[in-house]
Structure formats: structure tokens, C-alpha cells
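This report concerns only the one structure given below.
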Amino acid sequence: MTPAFDRLLDVLKRLPGLGYRSAERIALHLLVEKPESLESLVAALREAAGSVRPCTRCGNIAEGELCAICADPNRDRASICVVEHVPDLIAMERSGSYRGLYHVLQGKLAPIRGVGPDALNIAPLLERAGSDEVREVILALSNDVEGEATCHWLSDQLAGSNVRISRIGFGLPSGGGVVFADPVTLKSALEGRRDYL
Amino acid sequence: MKLSTIRLQNFRNIAEASLEFGRGRVFFVGANGQGKTNLLEAIGYVSALRAFRPGDNRALIRDGAGEAGIGYVLEHERTGRSEVIVRIRLRGKEATLDGEPVRRLADYLGRFPTVLFSSGDIQLIRGAPAGRRRFLDLHLAGCEPGYLEALQKYHRALEHRNRLLKEGGAGSALKAFEREMAPAAVRLIAARRQAMEKLGGLVEAFHGRISDGAETGTVAYRPDVEADSAEAFLALLAKNKMRDVQVGSTQRGPHRDDFAFRLGGKDAAIFASEGQQRALVLALRFGQLRDVRERSGVAPLVLADDVLGELDPVRRERFWAALEDDVQLFATGTTLPGNAGEGQWQVFRVEAGVFREA
């Protein structure tokens with residue numbers, strides 16, 4: 001439409017989750033419909049960009065050295081749950097059923113997309129797993145070829161440390177009937193069955 | 001299984017068609033290029049939501065239209081009356097089964113089997129191994145639970161391994177992907193072996209009924225590697241690694257599997273005449289039909305694209321004899337099947353994408 005508007009669109013539509021149409025809506029909203037919201041957005045972006053950074057220990061977002069979870073004295077320091085990305089961590093936290101610490105890998109191995117071991121946040125994890133207080137590393141990576149291969153790789157890397165390595169289970173969604181589950185999920189659910197008390 | 005109604009919109013050269021099928025044997029007759037095979041392809045699309053001729057979605061959508069649509073009403077042995085609706089767009093497609101969206105192909109494949117007899121089938125014998133693997137993979141993906149999952153997993157992990165090999169294969173990630181490949185490879189080899197043993201017997205039996213020669217015709221699995229455990233497959237990868245790194249890709253594995261057609265103990269690709277080769281591929285299709293039916297309890301729809309015309313009267317008679325009476329057959333040809341007799345066929349005349357019941 002105008003050169004500056006087009007440049008803005010181009011930047012916006014590169015953002016994750018935004019297509020051309022949503023980029024257009026956002027641009028028009030900020031420039032024409034609600035220009036007063038633009039200032040606060042710019043300010044918030046600037047402030048966040050200046051203060052938010054990865055936690056030096058686990059890779060979660062933090063404003064100081066450590067994130068809120070690593071800094072929390074009430075978390076169980078004996079277990080580390082390894083996830084791919086921060087949103088996975090947020091999802092686990094929302095479940096409210098985990099009281100240990102996390103480690104965010106910032107991805108999973110995917111050579112065809114150029115993601116190798118060097119691109120992953122692995123060194124701090126090995127260091128942490130080597131400390132005496134850690135007893136268990138829980139692998140909460142996705143259940144696809146790349147996620148599973150990353151689990152194989154992690155368990156090789158962790159072989160030297162004296163920790164229990166576990167993998168989260170895959171099975172039926174809560175409240176879901178067997179009849180609605182797809183065959184692959186049912187297979188995982190059967191493989192992951194346990195004794196019933 | 002029976003197809004009772006098909007509706008088409010903007011599929012290839014067919015602007016609009018709505019056909020109802022009553023009898024078990026349906027014949028589409030017309031000159032070349034009028035749309036007979038297009039209709040057969042639309043029927044076959046119901047099996048795997050893909051066309052049997054290569055090409056992208058653009059080729060499936062009529063010129064000038066935004067999307068193509070196919071609606072099917074089927075009578076199914078297990079699920080009764082089922083309705084499938086498919087929309088094909090330039091990018092992607094959507095399907096619903098009885099109003100529910102089909103989200104994963106793996107859950108859908110194999111429900112509505114079809115078996116295609118085509119004059120191009122002779123390429124299964126003469127062509128490259130990739131064509132035979134494709135036949136075997138499509139067959140097993142439809143009737144062997146877990147096969148498609150193993151196939152996708154194997155190929156995905158293989159792709160990653162090949163990339164790592166191109167980069168020298170030195171890193172610690174290589175082994176991680178090999179460990180994903182290994183159980184899938186073992187699964188593929190075992191499923192293919194079992195299926196080929198069964199198909200081998202079926203092909204031999206049907207070949208005996210179709211051909212008049214005394215020679216035995218059959219098919220035999222030619223696995224590229226033997227591995228009956230993940231450990232054995234990992235050992236093979238380790239053994240071949242140096243060469244794999246030199247070439248920059250995985251040289252051995254089920255992605256190089258093949259099967260051979262044999263006639264009188266000899267390789268039919270080299271020693272059989274054209275007529276003998278045609279009899280062999282017919283026998284393979286009959287074997288596939290029987291295997292699907294026995295495994296799933298569902299009688300596939302049979303699609304015969306221009307094959308009846310190229311058979312001599314004796315073979316054609318045997319073709320009918322080999323076909324079970326209760327399967328529904330859709331055949332095409334430029335002339336009506338001479339000896340079929342009036343009233344036995346439901347005939348549609350095809351001209352420029354328009355179908356008229358005769």
C-alpha cells in the first residue's frame with residue numbers, strides 16, 4: 001500500500017504464527033485504528049528486550065541470572081525435566097503436577113533442518129546432571145522421530161552421570177474413551193501400561 | 001464393499017457428474033481422452049486419498065476451477081452405509097468420513113480398498129525397483145496395522161542420517177537416528193517378507209488359472225539386507241558406515257528392497273514374453289485382491305483400466321472366471337466387451353467429460 005506499510009507487513013508476517021492476513025490486521029490496528037496502543041507496545045517491547053534473557057542455569061526466560069523456577073527454594077532439586085522449548089515448560093507448569101526443576105534444550109536434533117548437537121543448550125544440563133543433588137532426568141520431548149532420536153542422544157550424553165533417566169508416558173487423553181483414540185496412541189498406551197493396584 | 005453413488009465436481013476434465021451404480025459390473029466406454037480413466041481415478045482416490053497417476057493437485061482440478069470435489073456413497077461390509085467427501089485444492093486436500101474430518105491418513109488408509117488393473121502394470125515387471133516397492137508399500141499400508149507408521153519413521157530417520165553422512169558422519173547424533181531407524185527397518189522387512197510369501201502363493205495359483213503355459217509363475221521377495229533384530233540392523237549400519245560416508249548416503253537397507261517376478265524359475269523381466277508378463281501382473285493383482293479381502297474382510301472395488309481390450313478372448317474368459325462374482329467391477333474401454341452379453345453390464349458412454357447411461 002505504502003512503502004513503509006509494506007515494510008512493516010513484511011516484518012510482521014515473518015513472526016511465528018502470523019500469516020499475511022493477521023499481519024495486515026495488526027499493522028492496520030496499530031497504525032490507523034488504535035494508534036494510541038502503539039506507544040505502549042513499543043515501550044513494552046523495548047523494556048522486555050532489555051531485561052528478558054535465558055536463565056543461565058536452565059534456559060527458561062528470566063530477568064536476572066536465574067529464572068523464577070530455578071530461584072524458588074521450594075522446588076525439588078533432585079529432578080530435572082528436559083523440554084524442547086519454553087512453551088513446553090509453561091504447559092508442564094500449568095499442569096501443576098511437577099515440583100522439580102527444568103532444562104530447556106531450545107530445540108531437538110534435526111540434521112535436515114541444520115539443527116545439530118551444537119545448536120542445543122546441552123552443556124549446562126550435563127554439568128547439572130553431574131552434581132550430587134540431581135537424582136532423575138525426565139525426558140519430556142516430543143514423540144516424533146526427532147524427539148525420540150534426541151532422547152537416544154541425551155541418554156548417551158548422560159551415560160556418565162549417576163542419574164535415573166526416564167521418559168514421559170504416551171497414552172490416552174484424560175477423560176477420553178478408548179474408542180476415540182487413534183491406533184498409534186493406543187499402541188503407546190498399551191506399551192506404557194502398568195500394574196493396577 | 002460397493003460404491004452406490006459418486007459425485008464429481010471439477011475433477012480433471014469432468015465439470016460435473018453424478019452417477020449411480022446398480023449392478024456389479026460397470027463399463028465406461030468412449031474414445032481416448034474423453035474422461036474414462038479420470039472417472040476410474042476418482043473412484044480409486046477413495047482408498048488412499050491420492051491419484052493413481054503421478055502429478056500434483058493442479059492436474060486434478062479442472063482448468064479454471066479453484067478446487068475439485070468428489071463425493072462417495074459406499075456400502076461397506078463392516079460400517080454399513082458410509083459417505084466420504086473429498087475436496088482437493090491446489091495446496092492440500094480435505095476429506096470427511098460420515099461428516100467427521102479425516103485428520104490422519106494412517107487412521108483412514110485401508111478402510112475403502114480398491115485394486116487397479118491397468119495396462120501400465122507391466123511396468124511393475126519391466127520398471128525400476130522403486131515401482132515395486134511403491135506397490136508393496138501401498139498394499140501393506142492399507143492392510144497391515146503399524147506398517148505406515150514404521151515406513152514413515154524409517155524414511156524420516158534415514159533422511160536425517162543421510163544428511164549427517166554428507167557432513168562426514170562423525171558426530172554423536174548419527175547413532176541417535178540409527179536407533180530410530182533400526183526397529184522400523186526390522187518391522188518393514190518382517191512385514192514385507194510375510195506379505196510376499198503369501199502373495200507368492202496367491203500369484204502362483206492365479207497364474208495357473210490365467211495362463212495356459214505349464215510354467216509356474218510367482219513373485220519372490222528380494223530384501224536388500226537381512227535383519228531380524230534392531231541390534232542386527234545397527235550392526236549392518238556400522239559395518240557399512242565407511243562406504244556410506246564416502247558416498248554421502250545410506251547404501252543398504254529396506255529402502256533398497258525389491259521383489260522379482262519369476263516364470264519357470266527364471267527372471268520374468270528378462271525371459272518372459274510380453275504376453276507372459278501380462279499374465280504375471282494380472283496374477284499379482286488378483287493375488288493383491290484376495291490378500292486384501294482375506295486380511296480385512298472387505299471386498300475391494302476392482303478398477304480395470306483398458307485391460308480387457310488387450311486380452312485375447314481366451315484370457316478374457318479366464319479373467320472373468322478368476323474374478324469373484326460378488327466384487328464390484330469398474331472397467332473402461334474404447335469398445336464394449338464383446339462377449340459380456342447384454343444386460344450384464346451397466347454401461348456409461350463418455351464424451352468430453354460427460355457421462356450418459358446407455
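The values are calculated or read from the model by the stated rules, or taken from the named source; none is laboratory data. Every value quoted in this text rests on a predicted model; they were computed, and no experiment measured them. Cβ placement follows ideal geometry from the backbone for every residue including glycine, while neighbour counts extend to all protein chains displayed. To get the accessible areas, we keep the full protein, side chains included, count just its heavy atoms, and leave off ligands, DNA and RNA. Shrake-Rupley method; radii C 1.70, N 1.55, O 1.52, S 1.80 Å.
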Within straight-line cross-link reach of A:Lys34, aspartates and glutamates at Cα separation under 18 Å, skipping those fewer than 8 residues along the same chain
A:Glu24
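Can you give the longest stretch of chain B with no exposed loop site, where a site means GluC sites (Glu not before Pro) in a DSSP loop (not H, G, I, E or B) with at most 14 other C-beta atoms within 10 Å?
Values: sites that count: B:Glu77, B:Glu226, B:Glu310, B:Glu324, B:Glu342.
Formally, the longest exposed-site-free interval is B:78-225.
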Using the basic label-point model (7 angstrom from Cα toward the beta carbon), what is the A:Asp144 to A:Lys34 distance in nanometres?
3.3
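Go ahead and estimate [θ] at 222 nm for chain B from helices alone: -39,500 (n - 2.57) per DSSP H run with n ≥ 4, summed, over the residue count, rounded to 500. Spell out each step's value before the answer.
Details: 11 runs with 153 residues, N = 358.
Helix-only estimate at 222 nm: -14000 deg cm²/dmol.
In whole percent, how big is the carbon plus sulfur part of the accessible area of the range A:3-51, probe 1.4 Å, protein atoms only? Can you show the working numbers first?
On the way: 2400 of 3870 Å².
Here carbon and sulfur together make up 62 percent of the probe-accessible area.
Loop only by DSSP, 10 or fewer other Cβ within 10 Å of the Cβ. Give me the chymotrypsin sites (Phe, Trp or Tyr not before Pro) in the range B:135-175 that pass, ordered by residue number. Before the final figure, lay out each step's value.
On the way: sites: B:Phe135, B:Tyr147, B:Tyr154; in loops: none.
The qualifying sites: there are none.
Excluding the sites themselves, what is the longest stretch of chain A that contains no chymotrypsin sites (Phe, Trp or Tyr not before Pro) in a DSSP loop with at most 15 other C-beta atoms within 10 Å?
Details: sites that count: A:Phe170, A:Tyr196.
With a cap of 15 other Cβ atoms within 10 Å, the longest stretch comes to A:1-169.
Report the calculated FRET efficiency for B:Glu310 and A:Leu190 (r = Cβ-Cβ distance, R0 = 60 Å), to the nearest 0.05. Spell out each step's value before the answer.
On the way: r = 49 Å, r/R0 = 0.82.
Once the sixth-power term is evaluated, E becomes 0.75.
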Could you work out the mean count of beta carbons from other protein chains within 10 Å of each residue's beta carbon in A:110-121?
4
B:Asp56: accessible area at probe 1.4 Å, nearest 10 Å²?
100
Give me the angle, in degrees from 0 to 90, between the Cα long axis of helix A:36-51 and the longest principal axis of the Cα atoms of chain A, rounded to the nearest 10.
40
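Given a 1.4 angstrom probe, I'd like the percentage of the accessible area of the range B:203-323 that is carbon and sulfur, rounded to a whole number.
Working: 2600 of 5300 Å².
Answer for the range B:203-323: carbon and sulfur cover 49 percent of the accessible area.
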Residues listed by number, the range B:264-296, amide nitrogen under 13 Å from B:Glu324 label point at 7 Å toward C-beta:
B:286-296
Name the residue, out of A:Pro16, A:Pro117, A:Pro183, whose mean-square fluctuation peaks in a Gaussian network model built on chain A with Cα pairs under 10 Å.
A:Pro16
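Using the heavy atoms of the protein chains and a 1.4 angstrom probe, tell me the accessible area per residue for the protein assembly as shown in square angstrom.
Numbers: 28340 Å² over 555 residues.
For the protein assembly as shown, the solvent-accessible area averages 51 Å² per residue.
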Classify the range A:75-167 as rounded, prolate or oblate from the Cα gyration tensor: take a ≥ b ≥ c as the square roots of its eigenvalues, call it rounded if a/c is under 1.5, otherwise prolate when a/b beats b/c and oblate if not.
oblate
May I ask you to rank B:Arg262, A:Arg7, A:Arg75 by accessible area, largest first, using a 1.4 Å probe over the protein chains only?
A:Arg7, B:Arg262, A:Arg75
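Going by the alpha-carbon gyration tensor, a ≥ b ≥ c the square roots of its eigenvalues, is the range B:19-88 rounded (a/c under 1.5) or, if a/c is not under 1.5, prolate (a/b greater than b/c) versus oblate? Walk me through the intermediate numbers first.
Details: a/c = 2.08, a/b = 1.28, b/c = 1.63.
Oblate shape, in that a/c is at least 1.5 and b/c is the bigger or equal ratio.
If I take R0 = 35 Å and measure r between the Cβ atoms of B:Glu294 and A:Asp182 in this structure, what FRET efficiency does the formula 1/(1 + (r/R0)^6) give, to the nearest 0.05? Mind showing how you got there, number by number?
Working: r = 25 Å, r/R0 = 0.71.
Plugging the Cβ-Cβ distance into 1/(1 + (r/R0)^6) gives 0.90.
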List the trypsin sites (Lys or Arg not before Pro) within the range B:289-336 that DSSP assigns to loop and that have no more than 14 neighbouring Cβ atoms inside 10 Å.
none
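Rg to Rh for the range B:128-293: what is it, with Cα atoms only and Rh by Kirkwood?
1.05
Given the protein assembly as shown, what percent of its DSSP beta bridges are antiparallel, to the nearest 5?
Working: 46 of 77 bridges.
Percentage antiparallel, nearest 5: 60.
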Separation of the B:Arg209 and B:Arg349 label points, Cα + 7 Å toward Cβ, nm:
3.5
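Nearest 100 Å² is fine: how much accessible area is buried between B and A, summed over both sides, with a 1.4 Å probe?
So the buried area, both faces added, is about 1700 Å².
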Once you sort the root eigenvalues of the Cα gyration tensor of the protein assembly as shown as a ≥ b ≥ c, which label holds: rounded (a/c under 1.5), prolate (a/b larger than b/c) or oblate (the other case)?
prolate
Separation of the range B:19-73 and the range A:2-74 by C-alpha centroid, Å?
49
C-alpha long axis of helix A:86-95 to longest principal axis of chain A, angle in °
60
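What full-extension length gain, to one decimal in nm, is calculated for B:Arg87 and B:Glu75 as 0.36 nm per residue of separation minus the Cα-Cα distance? Can you show the working numbers first?
Numbers: separation 12, 0.36 × 12 = 4.32 nm, distance 2.10 nm.
Difference between extended and current length: 2.2 nm.
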Charge-dipole axis of the protein assembly as shown as Lys and Arg at +1 and Asp and Glu at -1 on Cβ define it, positive-most pick from A:Tyr102, B:Ile210, B:Leu60:
B:Ile210
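Mind giving me the FRET efficiency for A:Arg14 and B:Thr216? R0 is 56 Å, r the Cβ-Cβ distance, nearest 0.05 is fine. Each step should come with its number before you reach the end.
On the way: r = 63 Å, r/R0 = 1.13.
In this case the efficiency is close to 0.30.
May I ask you to list the GluC sites (Glu not before Pro) in the range A:51-141 that are in a DSSP loop and have at most 11 other Cβ atoms within 10 Å of their Cβ? Write out the running numbers ahead of the final one.
On the way: sites: A:Glu63, A:Glu65, A:Glu84, A:Glu93, A:Glu127, A:Glu133, A:Glu136; in loops: A:Glu63, A:Glu65, A:Glu84, A:Glu133.
Hits after loop and neighbour filter: A:Glu65, A:Glu133.
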With every protein chain in place, the residues of the range B:133-173 shedding 10 Å² or more of accessible area versus the chain by itself (probe 1.4 Å) are B:Glu149, B:Lys153, B:Arg156, B:Glu159, B:His160, B:Arg163, B:Leu164, B:Ser172, B:Ala173
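In debye, nearest 20: dipole of the protein assembly as shown around its Cα centre with unit charges on the Cβ of K, R (+) and D, E (-)?
On the way: 75 positive and 73 negative charges, 109 e Å.
That gives the protein assembly as shown a dipole magnitude of about 520 debye.
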Where labels lie 7 Å past Cα in the beta-carbon direction, separation of A:Asp118 and A:Ala159 in nm:
2.3
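Is there a pair in B:Lys198/B:Lys239; A:Lys13/B:Lys166; B:Lys166/B:Lys239; B:Lys239/B:Lys266 whose C-alpha atoms are over 23 Å apart, and which pairs would that be?
On the way: B:Lys198/B:Lys239 32 Å; A:Lys13/B:Lys166 34 Å; B:Lys166/B:Lys239 17 Å; B:Lys239/B:Lys266 32 Å.
The pairs that break the limit, which is 23 Å between Cα atoms, are B:Lys198/B:Lys239; A:Lys13/B:Lys166; B:Lys239/B:Lys266.
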